[in-house]
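Note sheet for the following structure.
The values are calculated or read from the model by the stated rules, or taken from the named source; none is laboratory data. Computed from a prediction, not measured in an experiment: that's the story for all the values here. We place every Cβ from the backbone using ideal geometry, glycine too, and count neighbours over all the protein chains shown.
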């Protein structure tokens, strides 16, 4: 069983953005959403009318999926959060992807997700921005092992670091249109106070996730294209993404890490592909307010760094 038509590169872009939005809103479904995207991309979904579909699951008989449910055990046993197994999610994601694509074509869109008659005007958005919708977390700091209290001079340095970090976060919001504010993530990071080996401070760094970068990409009027491919380098498997906007192009790569803990543990291939796309967009300067690396990569690296610091007892300022 195959889908009647393979998805175009632009439709895949729609699907990636939709998956990011769903995973952000329904975090308990994140793993199933990523598997559902893989099912759709493999051509394992066949739509049979407005309320019926068949979804192939490996070599077994395909599952019948309707708006009422699915024939899989995940749905039957009530294990799927919100009743959304990966098969129902795959059908939903495919229908919404095709719907968005058809609507864009009907509006005379060149494939960027925004009608040409109503483009996103970044300058106008800047002029009418609402108030920044976040509060910077309360300053936090600690000494290694909680062995001592900080001095007044050290406290002054800590306050300065927090003020600088908060200014960078607010500057990130000022630099981007409100449309993508929901895609800004304030990633935690621990930093030593300069000149002190045992005093640490918890700061936040702004990062625009891949969904936000794709939204900015679609706001551009030039023709655009995203392609990905997996390849091996020795014993490593990597994903390479290429993003073209007009006459400009950039690439990004990310490694497939299997058997690891953290964000890459459940869907290493999907995570690597998303990371590679985010890197390529960042290399084009699209939505680059922090690291070019993906949020997953940054969080994994910082988790390892945090473990190595053997941080002690917190002392709230």
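Condition check ((1) at pLDDT 65 or above; (2) buried (at least 20 other Cβ atoms within 10 Å of the Cβ); (3) not in a loop (DSSP other than H, G, I, E, B)) across all residues:
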position: 39; (1), (2), (3): yes, yes, yes
position: 43; (1), (2), (3): yes, no, no
position: 51; (1), (2), (3): yes, no, no
position: 74; (1), (2), (3): yes, no, yes
position: 96; (1), (2), (3): yes, no, yes
position: 123; (1), (2), (3): no, no, yes
position: 126; (1), (2), (3): no, no, yes
position: 131; (1), (2), (3): no, no, no
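Scanning the stretch 267-275 for any residue that is within 22 Å of residue 21 (Cα to Cα) and assigned by TED's automatic domain parsing to the domain that holds residue 151 turns up nothing. Filtered by the rule that a residue be out of contact with any strand residue (DSSP E or B) (no Cβ under 9 Å at 6 or more places or on another chain), part of a loop (DSSP other than H, G, I, E, B), in contact (Cβ under 8 Å) with a residue 12 or more places away in the chain and surrounded by fewer than 18 Cβ atoms within 10 Å (Cβ to Cβ), the stretch 158-200 gives 194, 197. Filtering 228, 232 for residues that are free of Cβ contacts under 8 Å to residues at least 60 places away in the same chain and within 15 Å of residue 17 (Cβ to Cβ) leaves a single hit, 228. Restricting attention to the stretch 194-221, the residues that are more than 18 Å from residue 15 (Cα to Cα) and within 12 Å of the chain's Cα centre (by Cα) total 2.
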